1. Can you report the number of residues in the range 31-42 which are under 15 Å from Leu2 (Cβ atoms), touching a residue at least 60 places away in the same chain (Cβ under 8 Å) and assigned to a strand (DSSP E or B)?
2. Quick check on the range 144-158: of everything there that is in a helix (DSSP H, G or I) and touching a residue at least 40 places away in the same chain (Cβ under 8 Å), which residue is farthest from the chain's Cα centre (by Cα)?
3. Testing Cys136 on (1) under 21 Å from Ile72 (Cα atoms); (2) crowded, with 22+ Cβ neighbours inside 10 Å, one condition comes back false. Which one is that?
4. Report, by residue number, each residue of the range 15-39 that is under 23 Å from Pro105 (Cα atoms) and surrounded by fewer than 12 Cβ atoms within 10 Å (Cβ to Cβ).
5. Kindly indicate the residue of the range 86-116 that is within 14 Å of the chain's Cα centre (by Cα) and either of a type in the set (Gly, Ala, Ser) or part of a loop (DSSP other than H, G, I, E, B) (or both) and also surrounded by the most Cβ atoms within 10 Å (Cβ to Cβ) among those meeting that condition.
6. Quick test for you: out of Leu141, Leu180, Leu132, Leu167, pick the one residue that is touching a Phe, Trp or Tyr at 6+ places or on another chain (Cβ under 7 Å), at pLDDT 95 or above and not in a loop (DSSP other than H, G, I, E, B).
7. Which pairs turn up if I take residues in the range 161-187 that are in the same structural domain as Cys136 (by TED's automatic domain parsing) and look for partners that are among the charged types (D, E, K, R) and part of a strand (DSSP E or B) with beta carbon separation below 9 Å, at least 6 apart in sequence or on another chain?
8. Quick check on my filter: what residues within the range 31-48 are under 30 Å from Glu189 (Cβ atoms) and at pLDDT 95 or above?
Amino acid sequence: MLNYCRNCGQYHADKIISEDGKNMICPNCNKKQPLKQLPLFIITGASGVGKSTISVELYKKETDYIVIESDILWFDFFNTFEDDYRTYRETWLRVCKNISQAGKPVVLCGCSVPEQFENCVERRYFSEIHYLACVCDSDLLEKRLRQGRNVNDENWIQGSISFNQWLKDNADKTEPNIMLLDTSTKSVEDSSEFVDEWIKKRLPYGGEVSIHEKKI
């Protein structure tokens with residue numbers, strides 16, 4: 001909806017964003033259109049770390065944001081490893097952009113890394129993207145997958161363990177950095193409470209956030 005210009009009718013995902021973030025400008029006819037440039041929140045992590053369970057708990061708390069599970073739009077059409085799933089990420093940014101025009105930021109839950117969103121054309125419509133990754137001990141992750149989710153696919157298990165370790169090793173090297181939440185010894189309630197507070201501190205009307213943050 002927002003990518004179509006109301007004046008000239010042209011479709012542009014690459015509209016120019018005004019310095020104050022309150023308008024997007026059609027590159028074809030220079031027509032301004034109001035924009036609510038809000039932050040976006042990404043909750044990532046390997047399969048089995050608890051991110052989806054935490055998101056379900058956030059549904060009960062949410063009043064200032066909207067939680068969405070990214071898997072609801074997944075089809076084989078989007079399985080383009082060669083370009084880092086670019087169409088899938090652009091599609092989700094476009095969906096979140098339109099939803100956030102209601103005045104509430106979106107919290108998107110699903111496996112991802114910052115560069116998959118930061119390199120997208122649709123990234124410009126968000127003031128910031130904040131990233132939080134749920135991680136846990138490798139042995140515990142394998143147990144959760146095998147016993148909790150009845151996963152027998154060895155490639156799936158090893159892939160999840162590898163991604164989980166990658167997040168631990170690289171969270172402070174990505175741009176932006178990824179906040180880590182270790183769920184190994186935390187209850188679902190405690191984990192969801194932490195994530196809820198993490199989100200609210202970063203809302204446009206939230207509290208001050210320290211530049212230097214540590215793993216929880």
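1. 1
2. Among them, the one singled out is Gly148.
3. That leaves (1) as the condition not met.
4. Passing the criteria: Glu19, Asp20, Pro34.
5. Only one residue tops the list, namely Pro105.
6. One residue alone meets the criteria, Leu132.
7. Filtered contacts from the range 161-187: Lys168/Asp182.
8. Matches in the range 31-48: Leu38, Pro39, Leu40, Phe41, Ile42, Ile43, Thr44, Gly45, Ala46.
The values are calculated or read from the model by the stated rules, or taken from the named source; none is laboratory data. Remember, predicted model here, so these are calculated numbers, not experimental data. When we count neighbours, we look across all protein chains shown, and the Cβ atoms used for this are built from the backbone with ideal geometry, even at glycine.
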